[in-house]
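Taking it in order: structure first as structure tokens, then the write-up.
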Amino acid sequence: MKLNKLWAIALLLIMAVSALLTACGGAAQPTEAPAAPTKAPEKPMEPTKPPTPTAGPEDPLAGIDPSGQTITYWYQHSRKREEVLQEMIQEFNETNEWGITVVGEYQGHYGQIYEKMLTAIAAGEVPDLVVAYQNQAASYAIAGAVEDLNPYVTSPTWGFTEEELQDFFPAFLNQDISAQLDGMRLGFPPNRSMEVMYYNEDWLKELGYDGPPETWEEFREMACKAVEQPFSKGPGEGMGYELSVDTSRFASMVFSRGGDLMNEDQTAYTLNTPEAQDTMKFLQELFADGCATLVAERYGDQADFGAGKLLFTIGSSSGLPYYKDAVSEGANFNWSVAALPHTTPDPVQNIYGASISVLKTTPERQLAAWLFLKWFTEPEQQAKWAKVSNYFPVRKSVAEGMKDYFAENPAYAKAFELLKYGKTEPPVAGYDVVRDLIEEAMTKIVEGADVVETLAALEEEANQVLEEAAP
């Protein structure tokens, strides 16, 4: 079904309620009161203004002058991340050669930002930059609010050289390109996270293993053995795996079996494939055998892992510092991370993370917004941001400036080596709603529902959502 712009906005308002309950990949951590927004300096710098290039057919952006623009940036970061982000924004404001001023504003978590964006789009008063998962940005784009960043990335005047583009991890660079919207680049990545398997090294040794599982059958064997033989430093009871019902868990397990959630051109969901069925049959049997259980409360798997009660968890790499704290404050054992078990020759790792989209305003403001985003992805800024945020940098060369951090955080370093195996979830409009449907199906299946029937119904309903959300 084709939607005009007004109907698209109406659909997005309906979807907002679902979005508030959904975090698209990655475990968000508790937040604290945000710092004050960056203030525009009372007396802006007056740097030497570079000459404005002349526009030409080879670069339609060449004639745009971004000098003196003030732009707003809506983000979700809090606590230490926000503090450092504000410092970086101020650095850009004080050093950029165009006299651009960025005003950074905390706007709540991803769902709250999504809701505010729908209101802003309807009112015609959008920020210049906004953090957004790809499916959210696709919804904004269908409403006509997002600038395609392809011309900016490839601009001979304002973009990256071919050598610079080769420095980006391919999965990161390609994640924002929407097949649903004819190859439009919906945003640009400031950082990324990845699904990893956390495991208790000491407990595995007590169980007679010298390393983590590489196949799902090995995972089952170890998880069930952990129930029979609790960890010596634990509370006297053990569990192999606790499932956090989340679409990114489902996607990661399907990817690890060589499957996907959509067909290649992103025109249909594929949620009842052999890989999806194998994933849910595996989990259903693991639960039936008493080797897995559901997470009892938010971040309960982190707490149980740290206490020495849980052998395996699967979750976002952004949780690494929280796992480290949980273990230090708990049973204090040796632990690490690894690729998920897989049936493919190499691991297939679910890479995710929100990008930053440039909203349609004026050519001058759009270019100014892009120049800040481009600056943020330079290696020096990326190294600084990665160390404080614990996200992964988006460029390979950043590793050179992070050797000290790798040495201090071996689990992070180990996960970093897995980035080359990255794969991503669908960047299509309506995926927020489909995520909810997937999680409902997961819960039904682990509680005993028929796998094939449940996944068939899920696939049909998901494709109805896709049709309704399509441009």
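Out of LEU294, LEU271, one residue alone is within 28 Å of GLN134 (Cα to Cα) and either of a type outside the set (D, E, K, R) or in contact with a Cys (Cβ under 7 Å, 6 or more places away or on another chain) (or both). It is LEU271. Within the range 194-238, being polar (S, T, N, Q), more than 33 Å from the chain's Cα centre (by Cα) and under 18 Å from ALA292 (Cα atoms) holds for one residue alone: GLN229. Mind checking which pairs have a first residue in the range 216-235 that is β-branched (Val, Ile, Thr) and a second that is surrounded by fewer than 21 Cβ atoms within 10 Å (Cβ to Cβ) and at pLDDT below 95, Cβ under 7 Å, 6 or more apart or different chains? Here the result reads none, with nothing in the range 216-235 linked to a residue that is surrounded by fewer than 21 Cβ atoms within 10 Å (Cβ to Cβ) and at pLDDT below 95. Select from the range 74-117 the residues that are within 21 Å of ASP432 (Cβ to Cβ) and aliphatic (A, V, I, L, M) and list them in ascending order. ILE113, MET117, listed by residue number.
Let's see how each residue does on (1) assigned by TED's automatic domain parsing to the domain that holds GLN134; (2) surrounded by 23 or more Cβ atoms within 10 Å (Cβ to Cβ); (3) under 27 Å from ALA354 (Cβ atoms); (4) aromatic (Phe, Trp, Tyr):
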site: SER178; (1), (2), (3), (4): yes, yes, yes, no
site: ASP182; (1), (2), (3), (4): yes, no, yes, no
site: TYR199; (1), (2), (3), (4): no, yes, no, yes
site: THR215; (1), (2), (3), (4): no, no, no, no
site: GLU218; (1), (2), (3), (4): no, no, no, no
site: GLU221; (1), (2), (3), (4): no, no, no, no
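Of the listed requirements (1) in contact (Cβ under 8 Å) with a residue 12 or more places away in the chain; (2) not in a helix (DSSP H, G or I), ALA137 misses just one: (2). Of the residues GLU380, GLU364, GLU400, the single one that is part of a helix (DSSP H, G or I), modelled with pLDDT under 95 and not hydrophobic (A, V, I, L, M, F, W, C) is GLU400.
The set of residues in the range 316-361 being in contact with a strand residue (DSSP E or B) (Cβ under 9 Å, 6 or more places away or on another chain) and part of a helix (DSSP H, G or I) consists of SER317, SER318, GLY319, LEU320, TYR323, LYS324, VAL327. Residues that are part of a helix (DSSP H, G or I), at pLDDT 95 or above, over 30 Å from the mean Cα position of the chain (by Cα) and of a type in the set (D, E, K, R): does the range 240-249 have at least one? No, there is no match, as no residue in the range 240-249 is part of a helix (DSSP H, G or I), at pLDDT 95 or above, over 30 Å from the mean Cα position of the chain (by Cα) and of a type in the set (D, E, K, R).
Here GLU58 meets each of (1) surrounded by fewer than 15 Cβ atoms within 10 Å (Cβ to Cβ); (2) closer than 26 Å to ALA137 by Cα with one exception, condition (2). Condition test on GLU147, is it acidic (Asp, Glu), within 19 Å of TRP335 (Cα to Cα) and surrounded by 21 or more Cβ atoms within 10 Å (Cβ to Cβ)? Against the criterion (acidic (Asp, Glu), within 19 Å of TRP335 (Cα to Cα) and surrounded by 21 or more Cβ atoms within 10 Å (Cβ to Cβ)), GLU147 does not qualify.
Filter the range 252-308 down to residues that are among the hydroxyl-bearing types (Ser, Thr, Tyr) and assigned to a loop (DSSP other than H, G, I, E, B) and give me whichever is surrounded by the most Cβ atoms within 10 Å (Cβ to Cβ). Looking at the filtered set, the residue picked out is SER256. Filtering the range 92-112 to residues that are among the aliphatic types (A, V, I, L, M) and either crowded, with 21+ Cβ neighbours inside 10 Å or over 19 Å from VAL131 (Cα atoms) (or both) leaves ILE100, VAL102. Criterion first (buried (at least 22 other Cβ atoms within 10 Å of the Cβ), touching a Gly at 6+ places or on another chain (Cβ under 8 Å), touching a residue at least 40 places away in the same chain (Cβ under 8 Å) and not assigned by TED's automatic domain parsing to the domain that holds ALA411) does SER244 satisfy it? No: the conditions fail for SER244.
The values are calculated or read from the model by the stated rules, or taken from the named source; none is laboratory data. Only a predicted model underlies this, so the values are computations on that prediction, with no experimental measurement involved. Positions of Cβ are backbone-derived with ideal geometry, glycine not excepted, and every protein chain shown enters the neighbour counts.
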